[in-house]
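> Here it is, the structure, as structure tokens.
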Amino acid sequence: MAAIVGRASREALLKVSGNVQPQNARNLSFQNMSKGKKMALGALGTMTAGGIGFAVALNTAVLASDFVVHPPKFPWSFKGLLSAYDRDSMRRGFEVYKQVCAACHSLEYIRYRELVGVIFSKDEAKAQAAEATYVDGPNDKGEMFERPGKLTDVMPKPYPNPEAAKAANNGALPPDLTFITRARHGGPDYIYALLTGYKEAPAGVNLGEGQHYNPYFPGGAISMAQALYNEIIEYQDGTPATQSQLAKDVVTFLAWCAEPEGDTRKRYFIKSMVFMGVFMGTLYYFTRGKFAYLKSKKFAAKLK
């Protein structure tokens, strides 16, 4: 009796749902709408599309009005899901930063211990840290003292405060380079183009005192002088220190500084995708091979 009642109820529900769905479809159809409603909907769609197009065109016009050359795209080794940072290039890039960029720019959020296993061994990182001097204290006498750097120290700052940095750079504050490749439109491409894009100022471009011309910088006038030249430093591994090589290496190092967990995140993503593929395949197998059989069976209660 219970099985008969259940079957009858299900058939009744199917009939009701079968009658309701076509009615809903007719209610949602445009055929039964009045001419005024159709015109209103058409006008609304036209206004929406026009507003979106106007916003895009306005944004493009604003970007086009900027006096700036957009950098080309470069094939960086760390771009892409299956790519990774070039450790040799990062090591050379650290040398470029240390010998050239560190005179004005800081890496405020990078500690020497983060270089261990990535660029240097533990002993090499300790030696790099020991080359810097830090003010610490107070000691037992309440006095501040100087000590060599440790792995837990951040990279030393070139200036004690922002005011001193501005005074030494014609009023311009050199930015911290920790997240510079993420903080600039164009990312690594922009930084590379900026470092290698210094030119003679064309006719009609007026530069202020202490300014230099770089078409990749907004406005063309930049306070930072050209920092990279051919053979300005000597690489320990014998790589020719051309300007383009110096810029490539330091940009690779700065890209790692902005995203030191990038390679780890890519590895975890690939592992998770493999796991999800195996898990979904197993779930599909058990669903089709085990539970589908149970779902297709019909059970009836036989009452005495």
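The values are calculated or read from the model by the stated rules, or taken from the named source; none is laboratory data. In this text the structure is predicted, and so the values were computed from the model without any measurement. Note that each Cβ is placed from the backbone with ideal geometry, even for glycine, and that neighbours are counted across all protein chains shown.
> Report whether or not Pro174 is touching a residue at least 40 places away in the same chain (Cβ under 8 Å), in contact with a helix residue (DSSP H, G or I) (Cβ under 9 Å, 6 or more places away or on another chain), crowded, with 18+ Cβ neighbours inside 10 Å and over 28 Å from Phe269 (Cβ atoms). Before you say what the answer is, go through the steps one by one.
Values: touching a residue at least 40 places away in the same chain (Cβ under 8 Å): yes; in contact with a helix residue (DSSP H, G or I) (Cβ under 9 Å, 6 or more places away or on another chain): yes; crowded, with 18+ Cβ neighbours inside 10 Å: yes; over 28 Å from Phe269 (Cβ atoms): yes.
In short, yes.
> Is it the case, given these coordinates, that Lys141 is surrounded by 17 or more Cβ atoms within 10 Å (Cβ to Cβ) and of a type in the set (D, E, K, R)?
Details: surrounded by 17 or more Cβ atoms within 10 Å (Cβ to Cβ): no; of a type in the set (D, E, K, R): yes.
When the stated conditions are applied, Lys141 does not pass them.
> Out of everything in region 60-76 that is at pLDDT below 80 and either in contact with a Pro (Cβ under 8 Å, 6 or more places away or on another chain) or over 30 Å from Ala247 (Cβ atoms) (or both), what residue ends up being surrounded by the most Cβ atoms within 10 Å (Cβ to Cβ)? Talk me through it step by step, then tell me what you get.
Residues of region 60-76 at pLDDT below 80: 60-68.
Now narrow it down to the ones that are either in contact with a Pro (Cβ under 8 Å, 6 or more places away or on another chain) or over 30 Å from Ala247 (Cβ atoms) (or both): 61, 66-68.
Values: Ala61: 9, Asp66: 10, Phe67: 11, Val68: 18.
Only one residue tops the list, namely Val68.
> Same structure again: Please tell me if Leu151 is assigned to a loop (DSSP other than H, G, I, E, B), under 18 Å from Ile180 (Cα atoms) and hydrophobic (A, V, I, L, M, F, W, C).
Values: assigned to a loop (DSSP other than H, G, I, E, B): yes; under 18 Å from Ile180 (Cα atoms): no; hydrophobic (A, V, I, L, M, F, W, C): yes.
Spelling it out, it is not the case that Leu151 is assigned to a loop (DSSP other than H, G, I, E, B), under 18 Å from Ile180 (Cα atoms) and hydrophobic (A, V, I, L, M, F, W, C).
> Same structure, new question: Against the condition assigned to a loop (DSSP other than H, G, I, E, B), among the polar types (S, T, N, Q) and without any contact (Cβ under 8 Å) to a residue 40 or more places away in the chain, how does Gln226 come out, does it pass?
On the way: assigned to a loop (DSSP other than H, G, I, E, B): yes; among the polar types (S, T, N, Q): yes; without any contact (Cβ under 8 Å) to a residue 40 or more places away in the chain: yes.
Answer is yes for this residue.
> Every residue in region 230-263 that is part of a helix (DSSP H, G or I), modelled with pLDDT under 95 and of a type in the set (Gly, Ala, Ser), please.
Within region 230-263, just Gly262 meets the criteria.
> Within the set of pairs 6+ apart or on separate chains, which have a first residue in region 105-125 that is surrounded by 15 or more Cβ atoms within 10 Å (Cβ to Cβ), a second that is of a type outside the set (A, V, I, L, M) and in a strand (DSSP E or B), and C-beta atoms under 9 Å apart?
Matching pairs, first to second residue: Tyr112/Phe120.
> While we're looking at this one, here's another question. Got a sec? Which of Ala130, Ala201 is modelled with pLDDT under 95, in contact with a strand residue (DSSP E or B) (Cβ under 6 Å, 6 or more places away or on another chain) and surrounded by 12 or more Cβ atoms within 10 Å (Cβ to Cβ)? Walk me through it before giving the result.
Working: Ala130 fails: modelled with pLDDT under 95.
Going through Ala130, Ala201 in turn, just one is modelled with pLDDT under 95, in contact with a strand residue (DSSP E or B) (Cβ under 6 Å, 6 or more places away or on another chain) and surrounded by 12 or more Cβ atoms within 10 Å (Cβ to Cβ): Ala201.
> Shifting gears a bit: In the set Leu177, Leu194, which member is of a type in the set (A, V, I, L, M), under 27 Å from Glu259 (Cβ atoms) and in a loop (DSSP other than H, G, I, E, B)? Step through it out loud before you land on a result.
On the way: Leu194 fails: in a loop (DSSP other than H, G, I, E, B).
Criteria check complete, one pass: Leu177.
> Tally the residues that are surrounded by fewer than 20 Cβ atoms within 10 Å (Cβ to Cβ), touching a Phe, Trp or Tyr at 6+ places or on another chain (Cβ under 9 Å) and hydrophobic (A, V, I, L, M, F, W, C), restricting the search to region 177-194.
Qualifying residue count for the region: 1.
> Shifting gears a bit: Give the residues of region 83-110 that are of a type in the set (S, T, N, Q) and either over 22 Å from the mean Cα position of the chain (by Cα) or closer than 21 Å to Thr152 by Cα (or both), sorted by residue number. Break it down stepwise before answering.
First, pick out the residues of region 83-110 that are of a type in the set (S, T, N, Q): 83, 89, 99, 106.
Correct list: Gln99, Ser106.
> Could I ask something else about it? Within the set of pairs 6 or more residues apart or between chains, which connect a residue that is over 16 Å from Gly80 (Cβ atoms) inside region 241-266 to a residue that is surrounded by 17 or more Cβ atoms within 10 Å (Cβ to Cβ) and of a type in the set (Lys, Arg) with Cβ atoms less than 7 Å apart?
Listed by first residue and then by second, the contacts come to Asp249/Arg92.
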